[in-house]
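Remarks on the structure that follows.
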Amino acid sequence: MSMNAVEVEELVKHYGSFALSGLSFTVPKGYITGLIGPNGAGKSTVIKAIMGMVLPEEGRITVLGNAVTGKEGSYKQQIGYISDESIYYEYLSMEQMKRIVAPFYDRWDEALFTKYMELFELPKRKKIKDCSKGMKMKFAIAMALAHHPKLLIMDEPTAGLDPVFRRELLDLLAEYILDENNTILFSTHLTTDLDRVADYVTFLNRGELVFSDSKDEVLERYVIVKGSRELLDPDVRRELVGVRETAVGFEALAKDQERAQALFGANALFERPTLEEIMYYTAKGGNVNASSHPFGS
Amino acid sequence: MPHLIHLVRKDFLLLQRYLWLLFIYMVVFSGFVQSDGSPLYGMLPGMVLILALNADMRLPNQQFLVNLPIRRSYLVLSKYVSAFILMLLAFALCMLLNTGANAVHGQSTAVNLGQMLGIFLAQLVFMAIYIPIYYWLGLKGAQYLNVAMIIVVMIGSQLSSSLLSDADAVPLSSSITNHPVAAGILGASTGILALVVSYLVSRMIFARRDL
């Protein structure tokens with residue numbers, strides 16, 4: 001029995017100038033994995049490939065031990081999928097939509113569905129088109145969880161949601177993952193959400209894998225370096241993932257903390273990066289000139 | 001099989017919002033209002049087919065369907081089953097309406113089964129052509145296809161009307177009526193063959209589609 005809920009091997013897909021080129025990563029069973037990357041990195045394409053919506057040109061995807069072929073659909077009995085936009089029939093009420101979906105799932109739990117609808121204060125008879133983005137997302141979550149999925153796949157679920165519900169959602173995920181048989185794959189570009197809940201992080205940039213590792217190891221391995229500009233020469237720059245220079249100094253991301261400390265010694269300050277900083281410097285690469293801090297104060 | 005039933009049920013549920021439109025068509029084009037109600041035989045089943053398919057036309061809805069725990073081929077098959085049942089119901093309703101109108105106007109209520117079979121067969125062939133084109137053109141192309149198909153339905157309605165009233169069609173109609181078993185088998189075989197080929201083509205197209 002595999003220890004991974006999802007295995008992606010050598011995935012290749014082209015869309016015009018965009019390409020996923022030989023992407024491989026795993027989603028460990030029983031944990032929350034964050035799929036991060038800037039817009040256009042390929043996160044949604046990967047998730048759609050896992051859900052059988054996008055057909056890979058090459059490569060192999062296995063979900064809970066089932067090979068994803070694009071033809072078979074029964075493996076989705078064990079998946080709760082939450083899209084970044086509403087995929088339901090907008091002109092139906094939430095109750096009507098539920099009546100369409102429920103019969104397809106062997107383990108549909110009407111009581112659980114009702115519990116979530118009440119928890120989220122969703123009126124069953126309200127038409128989906130009349131719901132706010134937050135209500136639609138809550139409804140999608142209720143639908144996804146009501147059939148007891150082993151794997152919850154969410155594509156940008158927190159984008160556009162207010163901070164209160166974002167926090168509630170993260171609490172809900174934490175509750176769901178208490179069952180060690182459950183797994184979450186969570187795509188987002190809002191990395192602060194993952195700072196709170198993720199166990200593993202897979203980072204995509206321009207269709208390529210930057211890393212796929214435990215969050216703590218990533219945050220231990222990478223380091224933010226701050227110092228004066230005199231410390232930067234071409235050899236030093238090559239050691240850095242990304243550099244941001246200001247009139248008074250520089251701030252950079254290095255992917256090997258020990259190597260960075262050996263390189264700069266006591267001449268620089270070292271700080272633990274956030275996932276957002278790792279994503280920012282990796283996506284920008286090279287030199288980033290700025291007169292103010294990109295993340296605010 | 002149960003999944004197929006759920007998908008067909010879904011199509012019926014989605015079509016409910018168009019019932020008022022279909023009702024208006026039924027009344028306006030029936031023999032109760034028109035002197036000749038025969039165009040309804042082409043128009044109503046054609047409208048039902050177009051509406052049933054287009055209920056799922058939006059990309060998010062296609063994504064929803066593909067995310068259900070069923071094979072893609074079932075999604076295609078269910079469209080054929082739904083369309084067939086709905087067209088059959090629509091056709092039966094047309095017969096009922098026009099027969100009722102004839103009775104009200106004091107005309108003969110006899111139904112020429114040969115002609116009816118011929119018209120329904122033509123509609124099945126229309127469906128067998130329409131659905132693969134719908135899948136092939138995809139979401140944006142289907143909008144243009146619908147405009148073209150509504151025109152075809154209108155012209156087809158006139159043609160069916162002409163067919164029913166044309167004196168030249170009487171011998172053909174009589175021969176069908178005189179050999180009902182042979183005509184039935186030939187018609188059913190043609191219809192089934194057209195639908196099977198059409199389904200296989202649609203399934204092949206949809207199996208390769210990214211959503």
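If you check every pair at least six apart or on different chains, which have Cβ atoms under 8 Å apart with a residue in segment B:1-26 that is within 11 Å of chain A (Cβ to nearest Cβ) and closer than 16 Å to B:Leu77 by Cβ first and a residue that is of a type in the set (Lys, Arg) and open to solvent by less than 80 Å² (accessible area, probe 1.4 Å) second?
Listed pairs, sorted by first residue: B:Asp11/B:Lys79.
If you go through segment B:76-111 one residue at a time, how many are of a type in the set (S, T, N, Q) and either in a helix (DSSP H, G or I) or open to solvent by less than 50 Å² (accessible area, probe 1.4 Å) (or both)? Break it down stepwise before answering.
Step one: filter segment B:76-111 for residues of a type in the set (S, T, N, Q), giving B:78, B:82, B:98-99, B:102, B:107-109.
From what's left, either in a helix (DSSP H, G or I) or open to solvent by less than 50 Å² (accessible area, probe 1.4 Å) (or both): B:78, B:82, B:98-99, B:102.
Adding up the residues that qualify gives 5.
Taking the condition in the same structural domain as A:Gly40 (by TED's automatic domain parsing), of a type in the set (A, V, I, L, M, F, W, C) and in contact (Cβ under 8 Å) with a residue 12 or more places away in the chain, does A:Val243 pass? Spell out the reasoning first.
Numbers: in the same structural domain as A:Gly40 (by TED's automatic domain parsing): no; of a type in the set (A, V, I, L, M, F, W, C): yes; in contact (Cβ under 8 Å) with a residue 12 or more places away in the chain: yes.
Taking the combined requirement at face value, the residue does not satisfy it.
Looking for whichever is within 11 Å of another protein chain (Cβ to nearest Cβ) and either touching a residue at least 40 places away in the same chain (Cβ under 8 Å) or charged (D, E, K, R) (or both) here; the options are A:Tyr75, A:Tyr88. Which one fits?
Of A:Tyr75, A:Tyr88, the one residue that is within 11 Å of another protein chain (Cβ to nearest Cβ) and either touching a residue at least 40 places away in the same chain (Cβ under 8 Å) or charged (D, E, K, R) (or both) is A:Tyr88.
With over 16 Å from B:Leu22 (Cβ atoms), open to solvent by 40 Å² or more (accessible area, probe 1.4 Å), assigned to a helix (DSSP H, G or I) and small (Gly, Ala, Ser) as the only criterion, which of B:Ala122, B:Ala142 stands out? So that I can check it myself, show each step before the final result.
Details: B:Ala142 fails: open to solvent by 40 Å² or more (accessible area, probe 1.4 Å).
Matching residue, one of B:Ala122, B:Ala142: B:Ala122.
I need the full set of residues from segment A:12-53 which are more than 14 Å from every other protein chain (Cβ to nearest Cβ), of a type in the set (Lys, Arg) and crowded, with 22+ Cβ neighbours inside 10 Å, in order please.
A:Lys43, the sole residue that qualifies.
Which numbered condition trips up A:Asn66, out of (1) over 18 Å from the mean Cα position of the chain (by Cα); (2) buried (at least 23 other Cβ atoms within 10 Å of the Cβ)?
A:Asn66 satisfies all of (1) over 18 Å from the mean Cα position of the chain (by Cα); (2) buried (at least 23 other Cβ atoms within 10 Å of the Cβ) except (2).
Inside segment A:132-176, can you point out the residues that are of a type in the set (Val, Ile, Thr) and out of contact with any strand residue (DSSP E or B) (no Cβ under 8 Å at 6 or more places or on another chain)? Before you say what the answer is, go through the steps one by one.
Taking segment A:132-176 first, the residues of a type in the set (Val, Ile, Thr) are A:141, A:153, A:158, A:164.
Of everything in segment A:132-176, just one residue is of a type in the set (Val, Ile, Thr) and out of contact with any strand residue (DSSP E or B) (no Cβ under 8 Å at 6 or more places or on another chain), namely A:Val164.
Could you count how many residues in segment A:56-90 are in a strand (DSSP E or B) and either touching a Phe, Trp or Tyr at 6+ places or on another chain (Cβ under 6 Å) or not polar (S, T, N, Q) (or both)? Steps first, please.
So the first thing to find is which residues in segment A:56-90 are in a strand (DSSP E or B), and the list is A:58-63, A:66-67, A:79-82.
Pick out the ones that are also either touching a Phe, Trp or Tyr at 6+ places or on another chain (Cβ under 6 Å) or not polar (S, T, N, Q) (or both) and you get A:58-61, A:63, A:66-67, A:79-82.
Number satisfying all stated conditions: 11.
The values are calculated or read from the model by the stated rules, or taken from the named source; none is laboratory data. Remember, predicted model here, so these are calculated numbers, not experimental data. No Cβ is skipped: glycine too gets one built from the backbone with ideal geometry, and neighbour counts run over all protein chains shown. These area figures cover heavy atoms from the full protein model, side chains too; ligands, DNA and RNA do not enter into them. Shrake-Rupley method; radii C 1.70, N 1.55, O 1.52, S 1.80 Å.
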